[in-house]
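The values are calculated or read from the model by the stated rules, or taken from the named source; none is laboratory data. Small disclaimer: the values here were computed from a predicted structure and weren't measured. For neighbour counting, all protein chains shown are included, and Cβ atoms are generated from backbone atoms with ideal geometry for every residue, glycine included.
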Number of protein chains: 2
Amino acid sequence: MNNAYQELVSLNKEIALLGSAASCLGWDQETYLPKKALSHRAEQLSCLSGKIHAMATGKDFQAKLEAAEQAGSNNLTESANLREWRHGFDKSNKLPQELVERSSQASSLGQASWAEARDKNEFHIFAPQLEKLIDIAKEKAELWGYQDEPYDALLGCYERGAKTSDVAKIFETFRPQIIETARLAVEQSLANPARNFEGDFPIAAQQTLNQEVAASIGFDFEAGRIDTTTHPFCTTLGPQDIRLTTRYYSHDFTSSLFGVMHETGHGLYEQGLPADDFGLPSGNAVSLGIHESQSLLWEAHVGRSRGFWNKWFPRAQELFPQMLDWTVDEFLQTINQAKYSLIRVDADEATYDLHILLRFALERQILNGEIAIADIPAAWNESFQSMFGIQPETDTLGCLQDIHWAMGGMGYFSTYSLGNLNASQLFHTATKDSSVREAFDKADYAPLLSWMRENIHAHGSTYHPQDLMKKATGETTNAEYHLAHLKRRFLDQG
Amino acid sequence: MNNAYQELVSLNKEIALLGSAASCLGWDQETYLPKKALSHRAEQLSCLSGKIHAMATGKDFQAKLEAAEQAGSNNLTESANLREWRHGFDKSNKLPQELVERSSQASSLGQASWAEARDKNEFHIFAPQLEKLIDIAKEKAELWGYQDEPYDALLGCYERGAKTSDVAKIFETFRPQIIETARLAVEQSLANPARNFEGDFPIAAQQTLNQEVAASIGFDFEAGRIDTTTHPFCTTLGPQDIRLTTRYYSHDFTSSLFGVMHETGHGLYEQGLPADDFGLPSGNAVSLGIHESQSLLWEAHVGRSRGFWNKWFPRAQELFPQMLDWTVDEFLQTINQAKYSLIRVDADEATYDLHILLRFALERQILNGEIAIADIPAAWNESFQSMFGIQPETDTLGCLQDIHWAMGGMGYFSTYSLGNLNASQLFHTATKDSSVREAFDKADYAPLLSWMRENIHAHGSTYHPQDLMKKATGETTNAEYHLAHLKRRFLDQG
């Protein structure tokens, strides 16, 4: 390792120390912050992010980066880190300070006007702010540059190296088949009504089950914890400090459990990244589409499977005596029902991707100017009708339901479906190994986790997501495995 | 307000933002940090404190300070802030970096060897490290400068503007009287044995009582909270973000309750400081001796009083049914027993100051070279015998019991007794006002809190502690009020 490279590493480690300190403040804000402390917390975070931004975009960083590039890299990890640092540095420096501030302000105002518009069901309240946000997104895309269309530049913020046309191609093949599969799944669920949960599921008992499950699938509670928040998330405060959160409903214990399994999947990825490289690209998660593959793997492929409940259902019955007269089959039928729903976050596995495909198509058209802001509600409802066979009666239940656009997060949505497809593809490949498969059927997930550790987690951001998928599974993201998974789960059962 | 002053304010506000971010990391470390995350947390804190130190001692600070001094102050607050900034800046800059690092290392090693020595009851394990810590303390005192003796410079770290000879003079008057008062109190308690608590006091019920009491004496739970730690403390994460902690024993609910009332006293002071001046001397607590006066006021003068329990005992009985056959008198006798104890932190009000007077005298002799390190155990035991009439059988129960010296905190102990004396004196003065007194007797503490808000909290560090005492009570710290309080509590009752 040469000196110039090492100096750049040190600078990035320092940036990561401040960044992870900010993550601690952010975690505290969502979990334990007293009400009146919010404005001081915002000042603390803004002070820290100002310092981080200055360090990551300043002349010192540039000089160290250039010196390290000049000296050259000695191995794959070094060259990947240099590649990612250069990419990040150039990307940050292409945006003038004025635009960064305007963007941050538009995002704040956007979220406020979105919340009001959603509460009042009046899209026109949000429209002018959305217009500004779209203009800013286009401005950024022009400054960052793109190959085919502006959407490339935005997508790349979440899915490193992804091209819109590649994602579009995957989704085009996927679209007619998932529409059909969802339709059949909904039909079948309608024909086989499931039992409903009854009675109260005490939160303490839910917490016990969640902790036991998370620990048993490999989450290290000496390097992480679970707390309660309104919106569940996973955040990293250090290489051995991964904080998960969840929320509890007393009428349904599976909501917090699947939430925890989802966040545990994120947490296992973070706990599996190379700890010594914390703060370097080689120690960071590579993309949202890969991150989401890990959360969905544990939530859906593990958590909603028969083998898992063969093991865990007796424990759930112990903790929740009202489940004592249920069979595992009845329970599986209840947790794996398919149903069209207006709201994305309430959607089941079978219909979830429809919500994403709708948004992805719409975003591209908005960015390319094919749909005017004022026409979004009509376009949304029309698409919804054609894909789901129903449409929302209000914009609150339609195009105003998500916060993403209001935050300026154009390009984010597609990573949810990429996560679904990647999860199924990785699961398929991992379980081709008979020892992984046999253990999985017996609810022993150590081999599955080892496979992910070795094939995904250990690589950090050394490879771009699609290169990582190819290395791990032999091919880039392919919808076939997810479709096969959904058919097995929703069409072969019952 | 002139520009030069305003620039200095801005710089100090930024330092305070980073400092309070570090406080958040510190709070999290004591409350929720996963075990394996400790070393990364240490790195985060060291990175932040490095940045804070550089900002508070650097050329930019110096230039801004000089410019502001040149421009002059417009009012009392500005001139107090300039005075304190100058004092702090000079003090920090008098220590070479090499000494700061050596001191920090000696403190780490000191705590480790102290812990081992205490566990094994072998003073000689700690002795070499203590020698180094004393040498460093002397070195610092020489660099900082002092008027009469090196101890002045160390004491001044905790009690701004205090002179050792003044404190010694207060303690000299106090000493024979407190020894006699303690003796009589112990005798009287022995003659009137109290009832013991029985059964289990559930933690949830303790928490309910603690929250109700803290809120009722004025702690704002929208600007603070209570969590659980091994060692109770109060820390400030922002002007409206005061975090208290406590620990619970299931055999005695009063331990956590008095702990919470103590920390609430600290918290009320912090919540009462001028919020707009957060991070400036005028918005900071002035000294440990004043801080401790606030915690002891609420723990001892309020929490152990008859009026308080006339109101709260029925509530305690509701929460802890095993107390139903107790009278308030019996309960007061139990919580106000005097007894000689070897361990300072277990001491009652009547005997607590003996522990401090012993340490204060010893520290001075050690600093002045009158006692060699190796002779500390013998000197400790001899003093103990003469003051308490008993002596520890082991050093673990004697001179090895406290962490303070191992941390390099020579000079700290005396602030505990100053806090006791100040609390009694402030309480005496406040309750000379008949409306404060009458409300106090009816367990209405709003007027008492208002008095403290106005006479202590509102002033931040504008006045030195003894000037503040004089302004608030008409005289500097005087032991007479505390002696009178102890005699009323321990010798007139039963």
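Hey, among A:LYS35, A:LYS13, which residue is within 26 Å of the chain's Cα centre (by Cα), farther than 19 Å from B:TYR32 by Cβ and charged (D, E, K, R)?
Exactly one of A:LYS35, A:LYS13 is within 26 Å of the chain's Cα centre (by Cα), farther than 19 Å from B:TYR32 by Cβ and charged (D, E, K, R), namely A:LYS13.
For every residue, the table says whether it meets (1) over 17 Å from the mean Cα position of the chain (by Cα); (2) surrounded by fewer than 23 Cβ atoms within 10 Å (Cβ to Cβ); (3) closer than 18 Å to B:LYS35 by Cβ.
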position: A:SER216; (1), (2), (3): yes, yes, no
position: A:PHE219; (1), (2), (3): yes, no, yes
position: A:HIS231; (1), (2), (3): no, yes, no
position: A:SER250; (1), (2), (3): yes, yes, no
position: A:THR254; (1), (2), (3): yes, yes, no
position: A:PRO281; (1), (2), (3): yes, yes, no
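Of the conditions (1) assigned to a helix (DSSP H, G or I); (2) closer than 14 Å to B:LEU280 by Cβ, B:SER73 satisfies every one except a single condition; which number is it?
All conditions are met except number (1).
For segment A:1-21, which residues satisfy the criterion of being buried (at least 19 other Cβ atoms within 10 Å of the Cβ) and facing chain B (nearest Cβ under 8 Å)?
Result: A:LEU17, A:LEU18, A:SER20, A:ALA21.
Could you look through segment B:129-157, keep only residues that are acidic (Asp, Glu) and touching a residue at least 12 places away in the same chain (Cβ under 8 Å), and pick out the one that is farthest from B:ILE290 (Cα to Cα)?
Per the stated criteria, the residue is B:GLU131.
Tell me, which helices (runs of 4 or more DSSP H) lie completely within segment A:416-494 with 1 or more residues that are over 25 Å from A:TYR352 (Cβ atoms) and not acidic (Asp, Glu)?
Where helices (runs of 4 or more DSSP H) fall fully within segment A:416-494 and carry at least 1 residues being over 25 Å from A:TYR352 (Cβ atoms) and not acidic (Asp, Glu), they are A:434-441, A:446-455, A:465-473.
Which ones in segment A:258-309 are over 16 Å from A:PRO239 (Cα atoms) and within 14 Å of chain B (Cβ to nearest Cβ)?
Result: no residue meets the conditions.
I'm trying to understand the selection: among the residues of segment B:209-227, which are in contact with a helix residue (DSSP H, G or I) (Cβ under 7 Å, 6 or more places away or on another chain) and either farther than 23 Å from B:GLU318 by Cα or within 14 Å of chain A (Cβ to nearest Cβ) (or both)?
Those that are in contact with a helix residue (DSSP H, G or I) (Cβ under 7 Å, 6 or more places away or on another chain) and either farther than 23 Å from B:GLU318 by Cα or within 14 Å of chain A (Cβ to nearest Cβ) (or both): B:ALA214, B:PHE219, B:ASP220, B:PHE221, B:GLU222, B:ALA223, B:GLY224, B:ILE226, B:ASP227.
Answer yes or no: is there a residue in segment B:170-181 that is in contact (Cβ under 8 Å) with a residue 12 or more places away in the chain, within 14 Å of another protein chain (Cβ to nearest Cβ) and within 30 Å of B:SER450 (Cβ to Cβ).
No, segment B:170-181 contains no residue that is in contact (Cβ under 8 Å) with a residue 12 or more places away in the chain, within 14 Å of another protein chain (Cβ to nearest Cβ) and within 30 Å of B:SER450 (Cβ to Cβ).
Across segment A:278-326, what is the total count of residues that are assigned to a helix (DSSP H, G or I) and among the hydroxyl-bearing types (Ser, Thr, Tyr)?
3
Residues in segment B:28-50 that are more than 8 Å from chain A (Cβ to nearest Cβ) and among the hydrophobic types (A, V, I, L, M, F, W, C): how many?
Qualifying residue count for the region: 3.
Condition first: within 24 Å of A:SER79 (Cβ to Cβ) and within 19 Å of the chain's Cα centre (by Cα). Now tell me which residues in segment A:439-454 satisfy that.
A:ARG453
In this structure, does B:LYS91 turn out to be in contact (Cβ under 8 Å) with a residue 12 or more places away in the chain, in contact with a Cys (Cβ under 9 Å, 6 or more places away or on another chain) and basic (Lys, Arg)?
Criteria met by B:LYS91.
Does A:LEU297 satisfy being touching a helix residue (DSSP H, G or I) at 6+ places or on another chain (Cβ under 7 Å) and crowded, with 22+ Cβ neighbours inside 10 Å?
For A:LEU297, the condition - touching a helix residue (DSSP H, G or I) at 6+ places or on another chain (Cβ under 7 Å) and crowded, with 22+ Cβ neighbours inside 10 Å - is met.
Residues that are surrounded by 19 or more Cβ atoms within 10 Å (Cβ to Cβ), part of a helix (DSSP H, G or I) and more than 14 Å from chain A (Cβ to nearest Cβ): does segment B:236-246 have at least one?
Checked segment B:236-246: no residue is surrounded by 19 or more Cβ atoms within 10 Å (Cβ to Cβ), part of a helix (DSSP H, G or I) and more than 14 Å from chain A (Cβ to nearest Cβ).
Can you name the helices (runs of 4 or more DSSP H) wholly within segment B:114-226 that have at least 3 residues being in the same structural domain as B:VAL286 (by TED's automatic domain parsing) and under 22 Å from B:TRP380 (Cβ atoms)?
Fully inside segment B:114-226 and qualifying: B:123-144, B:150-155, B:164-191.
Which numbered condition in (1) buried (at least 19 other Cβ atoms within 10 Å of the Cβ); (2) in contact (Cβ under 8 Å) with a residue 40 or more places away in the chain; (3) under 25 Å from A:LEU483 (Cβ atoms); (4) in contact with a Phe, Trp or Tyr (Cβ under 8 Å, 6 or more places away or on another chain) is the only one that A:PHE320 fails?
A:PHE320 satisfies all of (1) buried (at least 19 other Cβ atoms within 10 Å of the Cβ); (2) in contact (Cβ under 8 Å) with a residue 40 or more places away in the chain; (3) under 25 Å from A:LEU483 (Cβ atoms); (4) in contact with a Phe, Trp or Tyr (Cβ under 8 Å, 6 or more places away or on another chain) except (3).
Of A:LEU25, A:LEU65, which residue is assigned to a helix (DSSP H, G or I), at pLDDT 95 or above and within 13 Å of chain B (Cβ to nearest Cβ)?
A:LEU25
Looking at segment B:376-406, which of its residues are more than 18 Å from B:GLU122 (Cα to Cα), of a type in the set (A, V, I, L, M, F, W, C) and not in a loop (DSSP other than H, G, I, E, B)?
B:PHE384, B:MET387, B:PHE388
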